[in-house]
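These notes concern the structure reproduced below.
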Ligand code: GLA
């Protein structure tokens, strides 16, 4: 049993693998947070302290001057009821009242997980998880019900949370903000890490010590964004990759989000996660429910690396619905950086031929195949083939590629419309715009209004037609601009602030329908590179293009940061040409390969322009990937050298049974006369004898871990090396 309930004291103990989470209902009906951390054998309810220090704030109940919510650790705090810290729920009733209490009404425990209507979420069967649902109601108005869900995954150090807000009254009310979770930690001795960045440098880990006030990570771009991922981590000041208490919080959502860590007057730390309340509201009619996205809480008492491995294990099994989630990924080639818009049938076929020769398994035709799109200023929305470029359409090209022994894939950007398109001329009000009619353009495109069902249906039909028009085995689903003018012609004025969230619900519906209808297609998400690389999208698409920045050293940083939350297999990584198109940097071909290998591997360059030697190297990389891709799919990932603080980046992947390991080491700049690099492995069997496959050198696991491989010679800028070892069978 992972959920233990003391029915009398109303104490709930949630036990996942090595983690416990405790809450109780206070005598005044408020759900109080008791504990989140290393697993406890059993908490003793009678000893659980119920009165909290009274600060300079009003008391919650007359006659009990010592109790104020300001210092009580809570599960779903509100404003205006003696607590001055950030609130989980903001709501205005029809009569203008915006402050009210929420009190315990009932609870239930059930097998499995509740459905979070309309939103992506992690999944499980009834044997794998148990859920506690705590129902709160507002005694002041008897109209607002809030149900808090806590799902405990017994085999992981994972608890997921979400909330359902229900209108059980006779009049509508307006939600201005509804967090997925709130939790109050004792004290303020924490650092936070978030994954910040920008286009071309997505998900850089950023560590800060918490001080009084707020650390707030959020997005208002309409996507989870390049700038701040929906992830926040809290850890001990001295937590490292391998030691310390670490709490990771990740939202399964792809739109505007907010993650807050707040240190209040009494010095305690509150964490909140959810849809960004900025520019958001939701009118809830009587009888309706509002569901918050799911928040995934991971705890590790063995440092940041262990937190990441828990996220990886959990997301690999319980996040993506795609049939491909549990499968090794094909080596692909994408023509974008090879040709941009300048291609025709013959050019594509010439690259494809070379690709087939080096062992590539999937050819992806990127932007520029439809409408009259020879540049990025037109035709989004006109999803019919440009037969001047591709006579006979996609089918002829796809068949030719299939005849070469490769699968065929295609790029689409269905959420957008170019003002210069037939679609826009026909439906100028189908894009996001406000009452002023203003439409700010970005890359000469506008965002379609996916809050409208007819727009969702148009996308579903247009894409279904494309996907069925040829043997499409893979789709790269792009989204290339942040939202502006976030309004919808189809919604009443009082509902305009619902648009950004309704857009996400619409997108999720589209994804649901298309991934159901085309279960065999491998979908890869993209948003101007990695601008929507989040757990929400990964629910439908098992991989995401990590960044348009394909420079090997920059990719070390991007993939290192991405691995905080997401398994390496989720990251689309390509070898591209030099000088790199984003940084102009020249890095060796073997390094570009080594860095890209730990993920969904591919190429993005003109193979017809390469020398014989370069093609031989590429062939070697393809062969190597095919050997290690099982490991990349589900091995344990260890970050060993940090490219943000060291001259070197190093990581390794170990098979679950510890019999195989691959380690990749990349140097930034060569420094003359400096000691040769060494690499200490982690997570191996200390007694196992491992053989390096290329050299035949043997090492014991303890040797590899404690002494490390010494004298690694990386003799030039951006040099790199890879170690692939297998444990030798134990002699009997
Ligand atoms: C975005 C993607 C690129 C490429 C282009 C095509 O920028 O990130 O990989 O597909 O769009 O326009």
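The values are calculated or read from the model by the stated rules, or taken from the named source; none is laboratory data. All figures in this text were calculated on a predicted structure; none of them were measured in a lab. Positions of Cβ are generated from backbone atoms using ideal geometry, with glycine treated the same way; all protein chains shown enter the neighbour counts.
Below is a table of values for the structure above.
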quantity	calculated
Hits in the range 445-478 - residues which are assigned to a loop (DSSP other than H, G, I, E, B) and closer than 27 Å to residue 333 by Cα	469, 470, 471, 478
Selection count where residues are under 12 Å from the mean Cα position of the chain (by Cα) and within 18 Å of residue 185 (Cα to Cα), scope the range 199-231	1
Flag if residue 375 is at pLDDT 95 or above, surrounded by fewer than 16 Cβ atoms within 10 Å (Cβ to Cβ), within 15 Å of the ligand (Cβ to nearest atom) and under 17 Å from residue 444 (Cα atoms)	yes
Filter result for residue 499 (surrounded by 23 or more Cβ atoms within 10 Å (Cβ to Cβ) and within 16 Å of the ligand (Cβ to nearest atom))	no
Matching residues in the range 550-588 - criterion: being buried (at least 22 other Cβ atoms within 10 Å of the Cβ) and in a loop (DSSP other than H, G, I, E, B)	550, 551, 563, 564, 565, 566, 567, 587
Residue in the range 1-19 that is part of a strand (DSSP E or B), in contact with a helix residue (DSSP H, G or I) (Cβ under 8 Å, 6 or more places away or on another chain) and within 15 Å of residue 150 (Cα to Cα) present	yes
Subset of the range 599-621 (residues that are crowded, with 20+ Cβ neighbours inside 10 Å and not in a strand (DSSP E or B))	599, 605, 607, 618, 621
Segments classed as strands (runs of 3 or more DSSP E), wholly inside the range 88-188, with at least 3 members that are surrounded by 18 or more Cβ atoms within 10 Å (Cβ to Cβ) and in contact with a strand residue (DSSP E or B) (Cβ under 8 Å, 6 or more places away or on another chain)	89-93, 129-137, 144-153, 158-167, 173-185
Matching residues, the range 484-499, being part of a loop (DSSP other than H, G, I, E, B), in contact (Cβ under 8 Å) with a residue 12 or more places away in the chain and out of contact with any helix residue (DSSP H, G or I) (no Cβ under 7 Å at 6 or more places or on another chain)	484, 485, 490
All positions within the range 319-340 that are more than 16 Å from the ligand (Cβ to nearest atom) and assigned to a helix (DSSP H, G or I)	323, 324, 325, 326
Residue check for residue 475: crowded, with 24+ Cβ neighbours inside 10 Å and closer than 19 Å to residue 321 by Cα	yes
Qualifying positions in the range 525-535 - crowded, with 24+ Cβ neighbours inside 10 Å and either part of a loop (DSSP other than H, G, I, E, B) or away from the ligand (no atom under 16 Å from the Cβ) (or both)	526, 529, 531, 532, 533, 534, 535
Odd one out for residue 207 among (1) assigned to a strand (DSSP E or B); (2) without any contact (Cβ under 8 Å) to a residue 60 or more places away in the chain; (3) surrounded by 18 or more Cβ atoms within 10 Å (Cβ to Cβ)	(3)
Odd one out for residue 380 among (1) within 16 Å of the ligand (Cβ to nearest atom); (2) assigned to a loop (DSSP other than H, G, I, E, B); (3) farther than 19 Å from residue 465 by Cα	(3)
Check on residue 538, away from the ligand (no atom under 15 Å from the Cβ), surrounded by fewer than 24 Cβ atoms within 10 Å (Cβ to Cβ) and modelled with pLDDT of 95 or more	no
Residue match in the range 341-363 (condition: in contact with a helix residue (DSSP H, G or I) (Cβ under 8 Å, 6 or more places away or on another chain), under 30 Å from residue 584 (Cα atoms), within 14 Å of the ligand (Cβ to nearest atom) and modelled with pLDDT of 95 or more)	no
Residue within the range 413-420 that is more than 15 Å from the ligand (Cβ to nearest atom) and touching a helix residue (DSSP H, G or I) at 6+ places or on another chain (Cβ under 9 Å) present	yes
Residue in the range 174-186 that is in contact with a helix residue (DSSP H, G or I) (Cβ under 9 Å, 6 or more places away or on another chain), in contact (Cβ under 8 Å) with a residue 12 or more places away in the chain and closer than 20 Å to residue 308 by Cα present	no
Residues within the range 283-311 that are over 30 Å from residue 98 (Cα atoms) and outside any helix (DSSP H, G or I), tallied	5
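To keep it simple, each residue is scored yes or no on (1) surrounded by 20 or more Cβ atoms within 10 Å (Cβ to Cβ); (2) within 27 Å of the chain's Cα centre (by Cα).
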{"residue": "411", "(1), (2)": "yes, yes"}
{"residue": "414", "(1), (2)": "yes, yes"}
{"residue": "423", "(1), (2)": "yes, no"}
{"residue": "428", "(1), (2)": "no, no"}
{"residue": "461", "(1), (2)": "no, no"}
{"residue": "465", "(1), (2)": "no, no"}
